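Here's the structure we're looking at; comments come further down.
No value in this document is a laboratory result; all are computed from the given coordinates. Everything quoted here is computed from the prediction, not taken from an experiment. Neighbour counts are summed over all protein chains in view; Cβ atoms, including those assigned to glycine, are modelled from backbone coordinates with ideal geometry.
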Amino acid sequence: MSSVITKTDAVVLKAMKYRDTSKIVTFYTRSFGKLKGIAKGARQLRSKFGSSLDPLSQVSLVLYKKEQRDLHLISQCDLRGSPKQTRSDLEKMAVGLAVLELVDQVAHEEEGHEALYLLLSETLDRIEDAERNVLNLYFSFVLRSSALLGFSPDVASCSACNRSLDELEGERSVFFRLSSGGILCPSCAEGSRTRDGNRDLRFHKRGTRNIPAVREEGRVRVEIGTMKVLSFLLKSPLANVTMLALGPEKGNEIDGTLRLYLRQHFENIKPVKALDLLRKFNSAGS
Ligand SMILES: [Zn+2]
């Protein structure tokens, strides 16, 4: 079986122990998408790999890539900068790991997607540098990565009558259609409801948090202001995403809406665990 030595930039998604001294590491690489490698001797005391194989590391990777194998031999892995702030701050760490968890779930093995790699890399850089509202970067990543993977939410105007969010200012809420990622204003929704029957998802109160209740796949009622936030998180330059303070209630509504959206588009997707701690932490504080 032939193997080719190859070099690519990568982000470490996760690593697990293998046998006595080695590690199996999952990367998201610039050239090959998601890829697994074995780092022999990585757990020995003076390993040449150092901390480069820890999740969140952005690295320059040299590996022997074997054809028709799903595990490649890592020859060299050099840090291109260490996310010190992210690793020492609970919120940044949770948001960074949530982004990695999502990529691990939605990305295909060994199918290169350079734009997704660049989005991932820049998002991790922004998390490292952020001074506030770090969670916005996760929301933004969900929206932007969905768009790159072919499920682009169109949250700027009603998909039926084309009125923009600004023109719909007088309405309290619109409907976000989970399968198309488009929105429907109340009057257009009224028309389609009589055709389709009532298939709305509503948020109901459970404790202090708004949790969307799924009755059927369909659409979720979202406040106009929240829709504007989604539009901002999707379209504004990534550097501006953390300028917006959401507050816990709006944050929960967005979190819930995006979870439904992900579940609609990625079969078998599991809730992102890294954020659970943060959710508990935030609801205890609010
Ligand atoms: Zn409309």
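Some notes on this structure:
- Sparse-neighbour loop sites [GluC sites (Glu not before Pro); the stretch 161-191; at most 11 other C-beta within 10 Å; DSSP]: GLU169
- Among the GluC sites (Glu not before Pro) within the stretch 16-125, those in coil by DSSP and having at most 13 neighbouring Cβ atoms inside 10 Å are GLU67, GLU111.
- Most positive-pole-ward Cα, THR226, LEU56, SER2, against dipole of the chain from beta carbon charges: SER2
- For the stretch 13-64 and the stretch 225-252, distance of Cα centres in Å: 34 Å
- Each of LEU244 and SER3 was given a label point 7 Å from its Cα along the Cα-to-Cβ line. The distance between the two points is 4.7 nm.
- Under the combined filter of DSSP loop state and at most 15 neighbouring Cβ atoms within 10 Å, the stretch 1-96 retains these trypsin sites (Lys or Arg not before Pro): ARG19, ARG46, LYS48, ARG69, ARG80.
- Cα-based Kirkwood hydrodynamic radius, the chain, one decimal, Å: 20.4 Å
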